[in-house]
Amino acid sequence: MKKYVGKSVYSGIAIGKINLLNKVDHEIKRNHVDDSVAEIKRFEAAKLEATKQLQELYQRAVKEVGEANAAIFEVHELMLEDLDFLDSIHNIIENQKVNAEYAVATTGDNLSAVFAMMEDEYMRERAADIKDVSERIIGILSNKATDGFVLKEPSIIVADDLTPSETVQLDKEKVLAFVTVHGSIHSHTAILARMMNIPAIVGVSLEISDAIVAKIGIVNGNTGEFFIEPDDTTLSAMEKVKEEELHKKELLQKVKGKENITLDGTKVNLFANIGNLSDLASVFQNDAGGIGLFRSEFLYLEKTTYPTEEEQFMVYKKVAETMAGKKVIIRTLDIGADKQASYFDMEKEENPAMGYRAIRICLDRIDVFKTQLRALFRASAFGNIAIMYPMIISTEEVDQIKEIADEVKTELISANIKIGAVEQGIMIETPAAVMISDLLAPKVDFFSIGTNDLTQYTLAIDRQNQKLDNIYNPHHTAILRMIKMVVENGHKAGIWVGICGELGADITLTEEFLRMGVDELSVAPPYILLLRDKIRKVNLKF
Amino acid sequence: MKQFDYTITEEVGIHARPASLLVKEAGLYESNITLIRDGKSVDVKRLIALMALGVKYGEKVTFLIEGADEDIAAAQLEMFCTKNL
């Protein structure tokens, strides 16, 4: 087995035989031609034919990949009419008394070199367009068909690079994936692969040789990996991923864009849990209605010193803007226990899960807390932000938090900084919070139940201790009763109650949660559509 | 001769697609149409040169239009810019 890594430009798994797309190698000879007039005529005829081909390609591309992506063939057509391009070819044929092929190749090389040197990565890719246009004319001049690459069976296409014409001319039904040595995420191959939903990896440093033809390959567009002659373990693992993706894709087609509504008409919010800005794409791919838990820890854990207000603000603003009015619930710093950052200078604790962590740190180091709150309230002007406080055990904590939050708001308002309407809620993840949820509810805008910690504290089982895995039972009646109690107390005070722990994604409990009246489930993005499918099959009236 | 300034609001600048639209538009008129950015000028009817100039978002360019139909060409071109660039 050989493994290569490149840049993924479109995700998905492909398994199949490898086929090479070798460039039809036009070896350009420089021949002396006396009759320049006839040679120019020969070039003009080839140019006319090239224009015809491009018009046909354009029509075909419009059908396959849409007008916006097909437009590149219109650009090619205009390049054929470009005066600099034509003048140069005419000049070379006349002045050097040479053949048209040579004149076109030289001109193509010169002009594409101009683009290849440009700063802008997108513009550098246009060098490939000029080459593509020149090669088309040369192909016609030398009577070599450029449209002749026929795939006999479904294949993974490996090439040095792909021009747009090559990409669109391939029989879509038979292309499993693209792997190219060159090309960037801005190349046409990338754009077209995305449009055609074909897994694609570019920038794979791989020696292209006939030796790999017809061998089995695996393209993992999720990670950018490319395997040649995979071993059985890799093959079966990838087959499994592929099958899961297929299943998910089918589900996606079925329930994407649909409401999270039960057969009897009860609606519930399905939100996503994320831990970084890079997770935003999966929020959209999986059609989440909002973000139910944005863990802000990464801002602290990825750094060697406290993140500034500005740094945090930019991140929160970006999420708020990207979600465009959909709810984004950001949890304040939940560091401590298993998540440590050295610059916090924390003492070693006997029992960190029950130690100095989360809101306890924030209420002790108020400057750190205020910096985060300022960034959050400022970002609230750019979207629908809600703030969630973790590890609450008492009403005094909530009072203290609200006092600090009010201070921050007043400071911002008096400095003429715009803030939006921000819901403030708490996580219910300690048995104490559950037992006083009736007292907490009137003080906040929402509850979100963190089932992971709630289970470990209620059952007195350390989550990190694998020896106890067999008795760690999140379906324990104690937990389910607690959830029910929290929902009831929340609803009595008129606030909504959600679940953002792992239990929310457990489809064997979905119906039970809905019967309890849970208003929101926030889960890792890959579970959203599975849950939606489940919700749409439940009937609470029976 | 007519002239007008225009600041590019198209996010990607004068990339392949906008450039080709501009070249097509310029081709409708007899006048010579020149685009100047930072003292460098290109013939707007020449696609490759126009693309190679690499005009970016937010940059100010000047259009010079000279010829028999310069009045109408300038007016139409300015409208084209507001709509497409």
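The values are calculated or read from the model by the stated rules, or taken from the named source; none is laboratory data. These numbers were taken from a predicted model, which means no experiment stands behind them. Cβ coordinates were reconstructed from backbone atoms using ideal geometry, including for glycine residues, and neighbour counts include every protein chain displayed. Keep in mind that these areas ignore ligands, DNA and RNA; they rest on the heavy atoms of the full protein, side chains included. Shrake-Rupley method; radii C 1.70, N 1.55, O 1.52, S 1.80 Å.
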Odd one out for A:TYR457 among (1) part of a loop (DSSP other than H, G, I, E, B); (2) open to solvent by 10 Å² or more (accessible area, probe 1.4 Å) = (1)
ask   = If we scan region A:516-536, do we find a residue that is among the polar types (S, T, N, Q), part of a helix (DSSP H, G or I) and modelled with pLDDT of 95 or more?
value = no
task = Only residues that are surrounded by 13 or more Cβ atoms within 10 Å (Cβ to Cβ), out of contact with any helix residue (DSSP H, G or I) (no Cβ under 7 Å at 6 or more places or on another chain) and farther than 20 Å from A:LEU293 by Cα: list them for region A:482-511, please.
result = A:GLU488, A:HIS491, A:GLU511
ask   = Which of (1) open to solvent by 10 Å² or more (accessible area, probe 1.4 Å); (2) within 10 Å of chain B (Cβ to nearest Cβ) does A:LYS131 not meet, given it meets every other one?
value = (2)
task = Examine region A:138-158 for a residue that is within 10 Å of chain B (Cβ to nearest Cβ) and either acidic (Asp, Glu) or under 30 Å from A:ALA211 (Cβ atoms) (or both), and state whether such a residue exists.
result = no
query = So A:ASN452 fits all but one of (1) at pLDDT below 95; (2) more than 36 Å from the chain's Cα centre (by Cα); (3) assigned to a helix (DSSP H, G or I); what number is the exception?
reply = (2)
inquiry  = It is to be established whether one or more residues within region B:15-25 are surrounded by 14 or more Cβ atoms within 10 Å (Cβ to Cβ), more than 23 Å from A:ALA127 (Cα to Cα) and modelled with pLDDT of 90 or more.
reply    = yes
request  = Looking for whichever is modelled with pLDDT under 90 and closer than 21 Å to B:VAL55 by Cβ here; the options are A:LEU83, A:LEU57. Which one fits?
outcome  = A:LEU83
remark   = Condition set assigned to a loop (DSSP other than H, G, I, E, B) and aliphatic (A, V, I, L, M), scope region A:415-442, selection most open to solvent (accessible area, probe 1.4 Å): answer is A:ALA421
ask   = Hey, any hits in region B:56-67 for a residue that's buried (at least 22 other Cβ atoms within 10 Å of the Cβ), under 18 Å from A:MET79 (Cβ atoms) and β-branched (Val, Ile, Thr)?
value = no
request  = Considering only residues that are touching a Ser or Thr at 6+ places or on another chain (Cβ under 8 Å) and not aromatic (Phe, Trp, Tyr), look in region B:3-34 and name the one that is nearest to B:ILE48 (Cα to Cα).
outcome  = B:THR34
ask   = Pick from region A:68-88 the residues that are of a type outside the set (Phe, Trp, Tyr) and more than 9 Å from chain B (Cβ to nearest Cβ): which of them is farthest from A:GLU44 (Cα to Cα)?
value = A:ASN69
note = Only one of (1) modelled with pLDDT under 75; (2) open to solvent by less than 20 Å² (accessible area, probe 1.4 Å) does not apply to A:ARG194, and that is (2)
Entirely in region A:159-273, the helices (runs of 4 or more DSSP H) that have 3 or more residues that are in contact with a strand residue (DSSP E or B) (Cβ under 7 Å, 6 or more places away or on another chain) = A:188-196, A:232-255
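Residues are listed down the side, and each one gets a yes or a no for (1) open to solvent by 60 Å² or more (accessible area, probe 1.4 Å); (2) in contact with a Phe, Trp or Tyr (Cβ under 7 Å, 6 or more places away or on another chain):
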{"site": "A:PHE344", "(1), (2)": "no, no"}
{"site": "A:ASN351", "(1), (2)": "yes, no"}
{"site": "A:ARG357", "(1), (2)": "no, no"}
{"site": "A:ALA375", "(1), (2)": "no, yes"}
{"site": "A:SER380", "(1), (2)": "no, no"}
key: Selection status of A:GLY504, within 17 Å of A:ILE449 (Cβ to Cβ) and in contact (Cβ under 8 Å) with a residue 40 or more places away in the chain   = yes
inquiry  = Among the numbered criteria (1) within 27 Å of A:LYS339 (Cα to Cα); (2) open to solvent by less than 40 Å² (accessible area, probe 1.4 Å); (3) not hydroxyl-bearing (Ser, Thr, Tyr), which one does A:ASP367 miss?
reply    = (2)
key: Answer residue from region A:245-267, given it is open to solvent by 100 Å² or more (accessible area, probe 1.4 Å) and of a type in the set (D, E, K, R) and is modelled with the lowest pLDDT among those   = A:LYS249
Residue check, A:GLY517 surrounded by 22 or more Cβ atoms within 10 Å (Cβ to Cβ), free of Cβ contacts under 8 Å to residues at least 60 places away in the same chain and under 22 Å from A:LEU293 (Cα atoms) = no
message = Among the residues of region A:116-123, are any touching a residue at least 12 places away in the same chain (Cβ under 8 Å), part of a helix (DSSP H, G or I) and at the interface with chain B (Cβ under 10 Å from one of its Cβ atoms)?
response = yes
query = Looking at A:ASP445, A:ASP469, which is the one that is under 16 Å from A:ILE392 (Cβ atoms) and open to solvent by 60 Å² or more (accessible area, probe 1.4 Å)?
reply = A:ASP445
note = Filtering region B:27-44 for residues that are in contact with a helix residue (DSSP H, G or I) (Cβ under 7 Å, 6 or more places away or on another chain) and within 17 Å of A:VAL75 (Cβ to Cβ) leaves a count of 2
task = Check every one of the helices (runs of 4 or more DSSP H) wholly within chain B and list those with 3 or more residues that are more than 11 Å from chain A (Cβ to nearest Cβ).
result = B:70-84
